[in-house]
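This is the structure I have questions about; it appears just below.
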Amino acid sequence: MSTAKLIYDGKEHELSVIEGTEGERGIEVAKLRQQTGLVTLDPGYSSTGSCTSAITFIDGEKGILRYRGYPIEQVAERARFTEVCYLLIYGRRPEPNELAEFRESMTRHTLLHEDMKKFYEGYPPGAHPMAIMAAMFASLSSFYPETDETLELNILRILAKSKTLAAFSYKKSMGQPFIYPRNDLSWPGNFLRMMFAVPAEEYEVHPVLESALNLLLILHADHEQNCSTSTVRMVGSSQANLFASLSAAICALWGPLHGGANQGVIEMLEAVQADGGDCGKFLSQVKDGKSRVRLMGFGHRVYKNFDPRATLLKRAADQIFNELGVNDPLLELAKSVEEAALKDNYFVERRLYPNVDFYSGIIYRAMGIPTEMFTVMFALGRLPGWIAHWMEQRNDESSRIHRPRQIYMGEQKREFSDQGTKVL
Ligand code: SDX
């Protein structure tokens with residue numbers, strides 16, 4: 001084990017340095033305050049590791065993303081989403097019989113408790129589906145209390161019912177009747193049918209849409225300690241149940257700087273299009289800083305090179321559009337914006353590249369999924385990752401409740417004089 005030396009207040013302190021299986025190194029500071037009276041300060045945690053983890057590896061400099069050691073490019077091409085759920089949560093690929101059983105169980109638990117349908121009635125038609133999803137996930141704990149014995153089944157219930165909760169929130173917003181799941185369909189196929197079927201006619205799952213959704217779900221399945229995954233660990237560290245922890249993660253994902261960015265990208269492109277489609281004019285607004293406009297779908301805390309998911313999604317968008325015969329001017333506009341930004345010093349200097357959100361929304365749009373549902377789609381994909389991290393922490397005997405310190409910068413001690421205001 002190598003060490004680092006801290007010299008402070010005339011004393012030398014030796015701190016151990018931990019090295020990960022991919023060569024990442026970190027100074028262990030758990031005992032720093034005990035040894036030196038000092039804490040570290042790192043708002044936004046740019047240089048702070050919250051845990052060790054064996055689930056996902058990212059190399060932001062090289063644009064590498066691996067799920068349990070498997071390169072995302074291979075997983076995206078060869079796996080189905082249900083197998084990726086198993087891989088992330090249980091740490092290995094399932095045997096064919098295990099996968100069949102896992103898929104069968106997930107299919108069997110797709111229905112919601114009928115009483116949950118009543119919750120949807122209380123929402124106004126314009127309710128954002130992320131508000132509904134966050135509330136519904138917390139409410140699942142009322143129907144399926146969590147114990148050591150029920151946890152495994154509850155994981156299956158979550159992975160199975162998530163698509164129903166999401167599709168029902170869409171149907172609610174459309175004022176259409178809920179469509180019940182069918183047991184002969186794949187996870188993506190079941191979701192698409194619950195979203196777009198109407199009682200009056202049969203709905204055939206389009207193979208191109210089914211395969212596109214499978215890809216999108218896989219590419220969103222995990223991404224190590226991002227904001228929402230760190231949230232699921234934070235809430236889980238108090239031993240709150242899995243449903244509550246996932247509800248908190250959904251709320252964290254909703255923000256436009258995180259999972260809400262895919263909705264932001266489409267709104268941004270539509271605004272550029274409405275303003276004449278002038279990429280240069282828009283990028284100047286982004287750069288001048290005055291209008292506080294950001295190039296949504298660009299930039300990343302970790303990737304200082306291409307986000308491999310964006311590369312895969314850009315290729316998939318072309319393929320899907322050709323196969324569907326869709327011609328969306330926003331795709332061409334997105335490519336022009338990307339091309340202009342990648343040549344512009346402002347973005348090059350800051351190492352800002354397209355991230356997963358830049359092209360995902362355009363594909364959801366081609367699938368007929370409304371913009372307000374885009375972040376819900378991100379959540380559906382990220383569920384196995386959130387669950388995997390929650391379980392990894394739960395199974396780690398050394399894990400403790402997350403309770404960061406601070407540096408106080410407020411008023412020093414002062415008298416609260418009696419001004420006769422204490423009227424009871
Ligand atoms: C996701 O963490 C994950 O892994 C997340 C995610 C996952 O899978 O879970 O990958 C999913 O959330 C992707 C990111 C989606 N968000 C967006 O696309 C929103 C737009 N991007 C940004 O707001 C920003 O890039 C972040 C939030 C993604 C990252 O922010 P950082 O790391 O805190 O970077 P920063 O805000 O400190 O920016 C550094 C500089 C600043 O300029 P200066 O103050 O140095 O002059 O880059 C600029 C920023 O103004 N900048 C941008 C920009 N992103 C950063 N300028 C214009 N447009 C942008 N998009």
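The values are calculated or read from the model by the stated rules, or taken from the named source; none is laboratory data. Here the structure is a predicted model, which means the values were calculated and not measured. Neighbour counts are summed over all protein chains in view; Cβ atoms, including those assigned to glycine, are modelled from backbone coordinates with ideal geometry. Surface areas here come from the heavy atoms of the whole protein model, side chains and all, with no ligands, DNA or RNA. Shrake-Rupley method; radii C 1.70, N 1.55, O 1.52, S 1.80 Å.
Could you please let me know if Y359 is in contact (Cβ under 8 Å) with a residue 60 or more places away in the chain and either more than 10 Å from the ligand (Cβ to nearest atom) or open to solvent by 40 Å² or more (accessible area, probe 1.4 Å) (or both)?
yes
Does F298 satisfy the condition of being more than 10 Å from the ligand (Cβ to nearest atom) and either touching a residue at least 12 places away in the same chain (Cβ under 8 Å) or touching a Leu at 6+ places or on another chain (Cβ under 8 Å) (or both)?
In short, no.
Which is within 16 Å of the ligand (Cβ to nearest atom), closer than 22 Å to I158 by Cβ and of a type in the set (A, V, I, L, M, F, W, C), of A334, A379?
Result: A379 is the single residue among A334, A379 that is within 16 Å of the ligand (Cβ to nearest atom), closer than 22 Å to I158 by Cβ and of a type in the set (A, V, I, L, M, F, W, C).
State all residues of the stretch 124-141 that are of a type outside the set (A, V, I, L, M, F, W, C) and open to solvent by 20 Å² or more (accessible area, probe 1.4 Å); if no residue qualifies, say none.
Once the filter is applied, which keeps residues that are of a type outside the set (A, V, I, L, M, F, W, C) and open to solvent by 20 Å² or more (accessible area, probe 1.4 Å), the stretch 124-141 yields P124, P125, G126, H128, S139, S141.
On the given criteria, is D278 more than 16 Å from Y359 (Cα to Cα), touching a helix residue (DSSP H, G or I) at 6+ places or on another chain (Cβ under 8 Å) and not hydrophobic (A, V, I, L, M, F, W, C)?
Answer is yes for this residue.
Within the stretch 339-375, can you find the residues that are outside the structural domain of M296 (by TED's automatic domain parsing) and within 15 Å of the chain's Cα centre (by Cα)?
Matches in the stretch 339-375: M373, F374, T375.
From (1) more than 20 Å from the chain's Cα centre (by Cα); (2) crowded, with 21+ Cβ neighbours inside 10 Å, pick out the condition that doesn't hold for D184.
Every listed condition holds for D184 apart from (2).
Out of the residues in the stretch 213-262 that are part of a helix (DSSP H, G or I) and modelled with pLDDT under 95, which is farthest from the ligand (Cβ to nearest atom)?
Among those residues, the one meeting the criterion is N262.
Moving on to the next point. Could you figure out which of (1) open to solvent by less than 20 Å² (accessible area, probe 1.4 Å); (2) within 30 Å of P207 (Cα to Cα); (3) aliphatic (A, V, I, L, M) isn't true of A341?
Against the list (1) open to solvent by less than 20 Å² (accessible area, probe 1.4 Å); (2) within 30 Å of P207 (Cα to Cα); (3) aliphatic (A, V, I, L, M), A341 comes up short only on (2).
Still on this model: For the subset of the stretch 20-57 comprising residues that are within 22 Å of E397 (Cα to Cα) and charged (D, E, K, R), which member is surrounded by the most Cβ atoms within 10 Å (Cβ to Cβ)?
E28
Right, something else. Might you check whether a residue that is surrounded by 20 or more Cβ atoms within 10 Å (Cβ to Cβ) and within 28 Å of S211 (Cα to Cα) occurs anywhere in the stretch 391-408?
Within the stretch 391-408, not a single residue is surrounded by 20 or more Cβ atoms within 10 Å (Cβ to Cβ) and within 28 Å of S211 (Cα to Cα).
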